[in-house]
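Computed from the coordinates by the stated procedures, all read-outs in this text should not be read as laboratory data. Computed from a predicted model, the values in this text were never measured in an experiment. We place every Cβ from the backbone using ideal geometry, glycine too, and count neighbours over all the protein chains shown.
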Amino acid sequence: MKLKLATMALGAIMAAAPAMADLVFPSLSYRTGPYAAGGIPFADGYADYFTLLNERDGGIGGVPVKLLECETGYNTEKGVECYESTKGEGALVYQPLSTGITYQLIPKATADDIPIHSMGYGRTSAANGDVFSHVFNYPGNYWNGASGAINYLLEINGGDIKGKKVALVYHNSAYGKEPIRTLEELSKKHGYELSALPVDHPGQEQKSQWLQIRRDRPDYVLMWGWGVMNQVAIQEAANIRFPMENFIGIWWSGAEHDVLPAGDAANGYKALTFHNVGRDFPVFDDIQKYVVDAGKAAGAGDQIGNVLYNRGMYAAMLAAEAAKTAQEIHGTKDITAAMMRDGMEALSIDEAKMVELGMPNFGPAFNVSCENHGGPGLVGVTQWDASSKTWSLISDFKPTDTEVIGALIAEDSAAYAAENSIESNCK
Amino acid sequence: MPDQLLFGMEVFLNGLMAGVLYALVALGFVLIYKASGIFNYAQGVMALFAAMTLVGIMNGQVPFAHLINAVFGLHVTNFGWTVPALLAIALTVVVMIGLAWMVQHFVMRHLVGQEPIILFMATIGLAYFLEGVADLMWGSEIKTLDVGLPQGINETIDRVTFDAFGYGFFIDNLDIVATVIAALLVIALVLFSQYTKQGRAMRAVADDHQAALSVGISLDFIWVLVWSVAGFVALVAGIMWGAKSGVQFSLSLIALKALPVLMLGGFTSIPGAIVGGLIIGVGEKMFEFLVGPMVGGATENWFAYVLALLFLVFRPQGLFGEKIIERV
């Protein structure tokens, strides 16, 4: 009897725990709550890419991938709970998918020797790997976004935006306030006039802000929005007849669901991006064949090619490539979180690799180093076509103002290092 | 006329319009509180549920499609037809009546005689339940709601004010429609409660449950009626707000906009909800216009509550609420 019980208990443990060889990637997703419309396609893209690797390639380096999805509802406390409940499962890297959760996890994950990848969000100065040893925000961050927007304005104005009025409509939160300092510094450099208009959460009522824009008549409006704020802002801009081609959102304000509710009025709206858009990439054919058609898609399979699905898939690809790099560096297939960190720090993405992965021109080429966890910070611009209901990339991925951004990153990360008594990670 | 004065007038008018939208949400709270003494925390979610149901019916979406597909291995999403807006609204009203019956039958009738806080807690549970059911039934994606309501600047007002003052005022057509609909809704509610048998019964229940029971009024029926009317008001609010932002989860948060209105106008007065909405709408917009730039903006959310609290200091029952006198 005792032997039977012991066998059953052992069997149960073996069934519950991941096999030792599994590479565990947690997915802190939000499929419920006010931001679910953005969370679902990202989570689907992230999951589907790993499913593709399992189904097509037998995993990463022949080791199957196990995805641990945990629902955060975009709530910081739940996000931390998700981290605590999954980190013991052999988690290799966390994508917190929320600036608030990222801030909470930075000290925890660093202490636990688990890397964080906050791609295009989170603490911008984490790009300084010398201070933030376990946080990576390649290939771009918010300050690259701010600079990318201004560079684009310079480009379409023949290199001169002196005297132009630029308004920033932003989510009144740590996330929304991120670009202000950079835009202020850039305004000193380029001579444009900046006005900042905060919108309180959730952003359903923005009449005051848009009446002010109507009165002030800025030449351009930039937006750092998320959730319902994006849809309302685009509708309000259309209501006051603000020219959509002069309205540019950050990459979290540039998905299909942000523009569709405004219908034709959203035509011409622009958004920044650090990856390509659409589904015209060979990798999606593979996802369709090995994942969706096989009935193994995380969602209904109808999100492929959507902006946030692509972003989730791109994040998964970068994680998988970092895992491959870690396997090569350490000469073992069965990597740990610490090895994964090393892999992320040695990650190298070039166009040949992107072509090989079925993603030609999908994202910029870049190398990560101990000092630079932020990548190249190349930013592109996309534009919405309401008639075909598609986004198009209308510029190349272009460099941002490293002189201004670098100084800000150095200043902010130095303050963090001093507060937390952090010594150089790269010496 | 100085520019600032003109801008101030424009902001004032837009504040009035925003106030009407707040009042639309507050009305649903008032109806249920007045008839049953329940502060219905789920009112915002009811607006979400109603708007999602409306869009789902209009688009011919199969309810619970994800669940059906997962359980039976099917791939159904759509019936393949669309339903005209008016018919879809009528069908949504039927769904909201069904919901009202279920709320009364499965939740509220089992809690008769309980403390108000218990009833309030039950509505919190109902809110979470409805959120989940709405997601499961219609999906989480943002849906475009087009019932033919006009949106964008009203050209006539723009032209007339430009001719008169040299500055064209911005008034959103949707806000004008919302004002007309809110006015019609209030008139209909007043007529219903004053001149119909059911309306009088509703008022009787609101005044005194025991006395109403003793003269043969069915509490069950009246509460289903009240929740149905509140469901209808939620549908109207859901349409107005959903037309601005698309139908999405955040619609449930519009309840936050109704709370200061209720504090100010009183929980038991329909005119109070309207006047309260207008005061909050104008107050927050004018404060943002006059003081916002000096303090970094984003004052509207907190100022609405400050304004409501200021009124409470002088009239704890709200502007139009019933004064509670307890003799010992």
Cα shape, segment B:109-234, gyration tensor, a/c 1.5 rule: oblate
Using alpha-carbon coordinates, inclination of helix A:207-216 to the longest axis of chain A, degrees: 40 degrees
Between segment A:247-305 and segment B:160-224, the alpha-carbon center distance in angstrom: 43 Å
Segment B:3-314 shape via C-alpha gyration tensor axes, a/c threshold 1.5: oblate
Hey, got the average number of other protein chain Cβ atoms within 10 angstrom for residues in A:99-108? 0
Kirkwood Rh, Cα Rg: Rg to Rh for the protein assembly as shown? 1.00
For a quick check, take a GNM of chain A with Cα springs below 10 Å and name the residue from A:G158, A:G58, A:G406 with the largest mean-square fluctuation. A:G158
Calculated [θ] (222 nm, deg cm²/dmol) that DSSP helices of n ≥ 4 give over chain B, each run adding -39,500 (n - 2.57): -23000 deg cm²/dmol
Ranked by GNM mean-square fluctuation in chain B (Cα springs under 10 Å), the top entry among B:I181, B:I57, B:I153 is B:I153
Compute the signed sum of charges (Lys and Arg +1, Asp and Glu -1) over the other residues within less than 13 Å, Cβ to Cβ, of A:K87. -4
Please identify the longest segment of chain B free of exposed GluC sites (Glu not before Pro), where exposed means a DSSP state other than H, G, I, E or B and no more than 16 other Cβ atoms within 10 Å. B:1-321
Let me know the mean shielding of A:381-392 by other chains, meaning the per-residue number of their Cβ atoms within 10 Å of its Cβ. 0
Are there chymotrypsin sites (Phe, Trp or Tyr not before Pro) in segment B:1-107 that DSSP marks as loop and that have at most 14 other Cβ atoms within 10 Å, and which are they? B:F79, B:W81
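Looking only at other chains, what is the average number of their beta-carbon atoms within 10 angstrom of each beta-carbon in A:208-216?
Counting other chains' Cβ atoms within 10 Å and averaging over A:208-216 gives 6.
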Using only the Cα atoms of segment A:144-265, build the gyration tensor, take square roots of its eigenvalues as a ≥ b ≥ c, and label the shape rounded, prolate or oblate: rounded if a/c is under 1.5, else prolate if a/b is larger than b/c, else oblate. prolate
Direction-averaged shadow area of the convex hull around the Cα atoms of segment B:202-328, nm²? 10.7 nm²
Rounded to the nearest 5, what % of the DSSP beta bridges within the protein assembly as shown are antiparallel ones? 35 percent
Footprinting proxy, B:M17, B:M240: sorted fewest to most Cβ within 10 Å, the residues are B:M17, B:M240
Residue-wise HN-Hα coupling along segment B:107-119, computed from phi with Karplus coefficients 6.51, -1.76, 1.60 (Hz; x: Gly, Pro): 10, 5, 5, 7, 10, 4, x, 6, 4, x, 5, 5, 5
Hey, what did segment A:78-120 get for relative contact order, percent, Cα under 8 Å, at least 6 apart? 46 percent
Residue-wise HN-Hα coupling along segment A:86-102, computed from phi with Karplus coefficients 6.51, -1.76, 1.60 (Hz; x: Gly, Pro): 10, 5, x, 8, x, 4, 8, 7, 10, 10, x, 6, 6, 5, x, 5, 4
Longest DSSP-loop-exposure-free segment, trypsin sites (Lys or Arg not before Pro), chain B, at most 12 other Cβ within 10 Å: B:1-322
Restricting to Cα pairs under 8 Å and 6 or more apart, the percent relative contact order of segment A:292-427 works out to 12 percent
With 28 Å as the cut-off, how large is the P(r) tail for chain A, expressed as percent of Cα-Cα pairs? 48 percent
So, relative contact order of segment A:143-276 in percent, Cα under 8 Å, 6 or more apart, is 24 percent
Quick one: order A:C426, A:C70 by neighbouring beta-carbon count within 10 Å, fewest to most. A:C426, A:C70
If the only charges are +1 at each Lys and Arg Cβ and -1 at each Asp and Glu Cβ, what is the size of the charge dipole of the protein assembly as shown around the Cα centre, to the nearest 20 debye? 1960 debye
Considering chain B as a Gaussian network with a 10 Å cut-off on Cα pairs, which listed residue, B:L86, B:L219, B:L13, attains the greatest mean-square fluctuation? B:L86
